[in-house]
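Worksheet: the structure to be examined is printed underneath.
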Amino acid sequence: MKKLINEPQAVVSEALLGLEAAHPDLRVDHANKIIYRGDAPKSGKVGLVSGGGSGHEPLHGGFVGFGMLDAACAGEIFTSPVPDQMAAATSLVDGGAGVLHIVKNYTGDVMNFEMAAELAAAESGVQVRSVVTDDDVAVRDSTWTAGRRGVGVTVLLEKIAGAAAEEGRPLDEVERIARTVNANGRSMGVALTSCTVPSAGSPTFDLPQDMMELGVGIHGEPGRERVPLAPARDIARMLLDPVIEDLPLRAGDPVIAFVNGLGGTPLIELYVLYNEVAKILAAQRISVARSLVGPYITSLDMAGASVTLLKVDDELLGLWDAPVSTPGLRWGR
């Protein structure tokens, strides 16, 4: 294992110190491992809180800031934060308009965020709503989830719901927007290599050089099947066909097309993949209204990618285009 770390057990806490040093507009509660906006709480604004196991950076802490999240809870690598962390984050960003929890569909995350909402309501009287993302079409159930896993749509949802909250929309509206995004987005990923968790020091799973894991999860969970390594044009088709069929998408539908790197794949390869995605969508007369290419929800050092399509309308596009200023996503400000 070759990694730029000190001690494996200190990776998360030292990364939070680095995030704080690099971005002085953010604050970090190091005892609770919470990243939050320096201007939180904002009176009259719905607070957005997300979080999960570390190792998926920039998700979630890299999306805290103007136009996205108000706070994010960092668990240990691939391990859900605990309810006390989430409850503390909820109270920290409550400006009197309520708080929306954005939760990826993994058993620990869902259970702990539910407990945190109850704690925050009981201790501080905070009104909390939750939206669970479950956009991964690869598997219906796994050892990690009941139902589909939450993956790439989480990034798009945090941006779009964050813009709605920044506009001053009430909690009901922000929740509606978040649910609309989740209902209209689908994702699927592929792994070319395993990732290596620092505390383990060895790859999470074995994957022969001439094989790839189709439908892999962001923690290295098995996908639909293990298949021979293929060119980017074929991989794009393997990922897109199930997504387009599941939504379903038809000629003329506008989408945000998101090609995401899983941590170990360089941008040059992601753009090769995006080119193939764009050609397939054009052939089916599906309109790419906006695009996003890069490593935004990663799996440590895993080589691979995921493709997310979000069917959009004018309202969602307007919120996507709204200014955002976070360590991981920034435009228009």
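Going by the structure shown, is D210 among the acidic types (D, E) and more than 30 Å from A283 (Cα to Cα)?
no
Step by step: first the residues of region 64-92, then only those that are of a type in the set (V, I, T) and more than 16 Å from the chain's Cα centre (by Cα), then the one that is farthest from A161 (Cα to Cα). Which residue is that?
This residue is V82.
Go through region 1-29 and give me each residue that's outside any helix (DSSP H, G or I) and either surrounded by 11 or more Cβ atoms within 10 Å (Cβ to Cβ) or within 20 Å of the chain's Cα centre (by Cα) (or both).
Listed by number, the residues that qualify are M1, K3, I5, H23, D25, L26, R27, V28, D29.
Restricting to region 30-57, and then to whatever is polar (S, T, N, Q) and either on the phi > 0 side of the Ramachandran plot or in contact with a helix residue (DSSP H, G or I) (Cβ under 9 Å, 6 or more places away or on another chain) (or both), can you tell me which residue is surrounded by the most Cβ atoms within 10 Å (Cβ to Cβ)?
S50
I'd like to know if region 200-209 contains one or more residues that are at pLDDT 95 or above and either in the same structural domain as K45 (by TED's automatic domain parsing) or not in a loop (DSSP other than H, G, I, E, B) (or both).
The answer is no, given that none of the residues of region 200-209 is at pLDDT 95 or above and either in the same structural domain as K45 (by TED's automatic domain parsing) or not in a loop (DSSP other than H, G, I, E, B) (or both).
Restricting to region 92-119, give me the number of residues that are among the hydrophobic types (A, V, I, L, M, F, W, C), over 21 Å from M68 (Cα atoms) and in contact with a helix residue (DSSP H, G or I) (Cβ under 8 Å, 6 or more places away or on another chain).
2
Among the residues of region 207-220, is any surrounded by fewer than 18 Cβ atoms within 10 Å (Cβ to Cβ), acidic (D, E) and in contact (Cβ under 8 Å) with a residue 24 or more places away in the chain?
no
Any residue at all in region 172-183 that's assigned to a loop (DSSP other than H, G, I, E, B), touching a helix residue (DSSP H, G or I) at 6+ places or on another chain (Cβ under 9 Å), at negative phi and assigned by TED's automatic domain parsing to the domain that holds E57?
No, because not a single residue in region 172-183 is assigned to a loop (DSSP other than H, G, I, E, B), touching a helix residue (DSSP H, G or I) at 6+ places or on another chain (Cβ under 9 Å), at negative phi and assigned by TED's automatic domain parsing to the domain that holds E57.
The values are calculated or read from the model by the stated rules, or taken from the named source; none is laboratory data. This structure is a prediction, so every number in the text was calculated from the model and none was measured. All Cβ positions, even for glycine, are placed from backbone atoms using ideal geometry, and neighbour counts span all protein chains on display.
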